[in-house]
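What follows is a set of notes on a single structure, which appears directly below.
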Amino acid sequence: MSKIKITTWNIYFSWKLVKKEGSRFKLQQKARGENIAEVIRKMDADIIGIQECMSPSSLKFFLKQHDLEYDVLLNDDNTTYNLGLLYRSDKIKASKVNFDATPWRAKVGDENRRTYRFARKPLMVKITYKSTGSEFVVAVVHTKSKRVDSDLSREEKYVKSIDNRKRIIAAGDRLREIMWKKAQAGNSGFDKFLIMGDFNDHVSFDYYEKIVLRSGIESFIGTVLDPERILYSAINLSDGKGIPTTPFGGGVQLDHIIYTQSMITARGNAGVVNNSGKVRSDLVPLDNDGKQRDSDHAPVEVLINV
């Protein structure tokens with residue numbers, strides 16, 4: 001049975017690596033760009049989900065300049081904050097799936113129902129391993145940040161902090177709803193799916209989540225009240241700390257790969273390899289200021305039997 005490696009990585013402001021002047025492109029921050037290219041080489045992943053991604057044309061230029069042989073799918077054609085997927089097309093067929101990112105109404109915590117929207121439209125892709133026909137679906141996400149402006153008043157920071165957490169929770173609930181509806185509809189490959197990316201949340205409750213009485217991670221993973229739909233993490237989060245993927249707030253786990261139970265129990269294709277999940281902090285070392293070099297996140301990876 002073959003195996004493929006899937007990785008997710010938030011590459012800090014990656015659009016700064018390439019500048020477009022008229023119809024031409026040029027590399028910027030060349031040392032940082034080469035370091036990031038070297039991380040991608042060392043990851044040696046077959047599928048890479050990228051957050052804070054540059055535009056499709058800039059990304060293709062960057063890959064070509066660094067001899068990185070990946071095909072590209074993106075959720076949008078913006079200059080900044082795209083979600084991208086790199087994949088090795090010699091092994092893998094990747095087909096972008098239409099994602100309904102229209103605003104929706106939901107109730108989070110003790111508030112009345114209100115309208116929510118995704119901070120960044122998720123990228124949903126159907127993956128087919130060519131040699132076996134094994135299928136599954138990947139959704140790449142990057143939720144609303146918890147950060148608030150430092151110049152806000154204390155009261156404004158409180159209100160904004162609560163709102164940010166509610167937006168993360170609502171996004172997790174909505175994404176799971178969309179994924180499971182597709183699975184129930186019998187769409188090919190949707191019975192096995194992964195959600196990966198920067199969730200902007202870790203497993204313990206912070207001060208504001210204690211007020212809302214929910215966390216972002218819970219909204220993505222699910223609830224024991226609906227055990228058949230609980231998603232599982234590639235990384236052991238049971239200690240409540242996780243492994244650092246970012247230096248912010250002391251280095252907590254903000255990046256995740258979670259997947260359906262059918263990808264654990266699968267006896268055939270599209271099954272997660274037991275204990276293969278890793279945070280690759282070794283690839284993004286700390287500099288003299290205690291921050292991770294070239295990106296403020298480390299990649300997270302998992303192996304899949306195909």
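Results, tabulated for the structure shown:
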| quantity | calculated |
| --- | --- |
| Neighbours by Cβ (under 7 Å, 6+ apart or cross-chain): first from the stretch 195-213, on the phi > 0 side of the Ramachandran plot; second buried (at least 16 other Cβ atoms within 10 Å of the Cβ) and among the basic types (Lys, Arg) | Asn200/Lys144; Asn200/Lys146 |
| Strands (runs of 3 or more DSSP E) within the stretch 97-169 that include 3 or more residues touching a residue at least 40 places away in the same chain (Cβ under 8 Å), touching a Pro at 6+ places or on another chain (Cβ under 7 Å) and hydrophobic (A, V, I, L, M, F, W, C) | 135-142 |
| Subset of the stretch 242-263 [modelled with pLDDT of 70 or more, crowded, with 19+ Cβ neighbours inside 10 Å and more than 17 Å from the chain's Cα centre (by Cα)] | Met263 |
| Members of the stretch 126-150 found to be among the hydroxyl-bearing types (Ser, Thr, Tyr), closer than 14 Å to Val306 by Cα and surrounded by fewer than 14 Cβ atoms within 10 Å (Cβ to Cβ), listed by number | Ser131 |
| Selection count where residues are crowded, with 20+ Cβ neighbours inside 10 Å, of a type in the set (A, V, I, L, M) and either at pLDDT below 95 or more than 17 Å from the chain's Cα centre (by Cα) (or both), scope the stretch 151-193 | 1 |
| Only one of Val203, Val302 that is of a type in the set (A, V, I, L, M, F, W, C) and either at pLDDT below 85 or assigned to a helix (DSSP H, G or I) (or both) | Val203 |
| Condition met for Lys42 (within 23 Å of Ala139 (Cα to Cα), among the charged types (D, E, K, R) and assigned to a helix (DSSP H, G or I)) | no |
| Candidates Leu68, Leu17, Leu63 - the one that is touching an Asp or Glu at 6+ places or on another chain (Cβ under 9 Å), under 22 Å from Val300 (Cα atoms) and modelled with pLDDT of 95 or more | Leu63 |
| Inter-residue pairs, beta-carbon under 8 Å, first more than 20 Å from Val272 (Cα to Cα) and in the stretch 243-259, second aromatic (Phe, Trp, Tyr) and modelled with pLDDT of 70 or more, 6+ apart | Leu254/Phe199 |
| Test: residue in the stretch 264-272 that is part of a loop (DSSP other than H, G, I, E, B), modelled with pLDDT under 85 and among the charged types (D, E, K, R) | yes |
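The values are calculated or read from the model by the stated rules, or taken from the named source; none is laboratory data. Here the structure is a predicted model, which means the values were calculated and not measured. Positions of Cβ are backbone-derived with ideal geometry, glycine not excepted, and every protein chain shown enters the neighbour counts.
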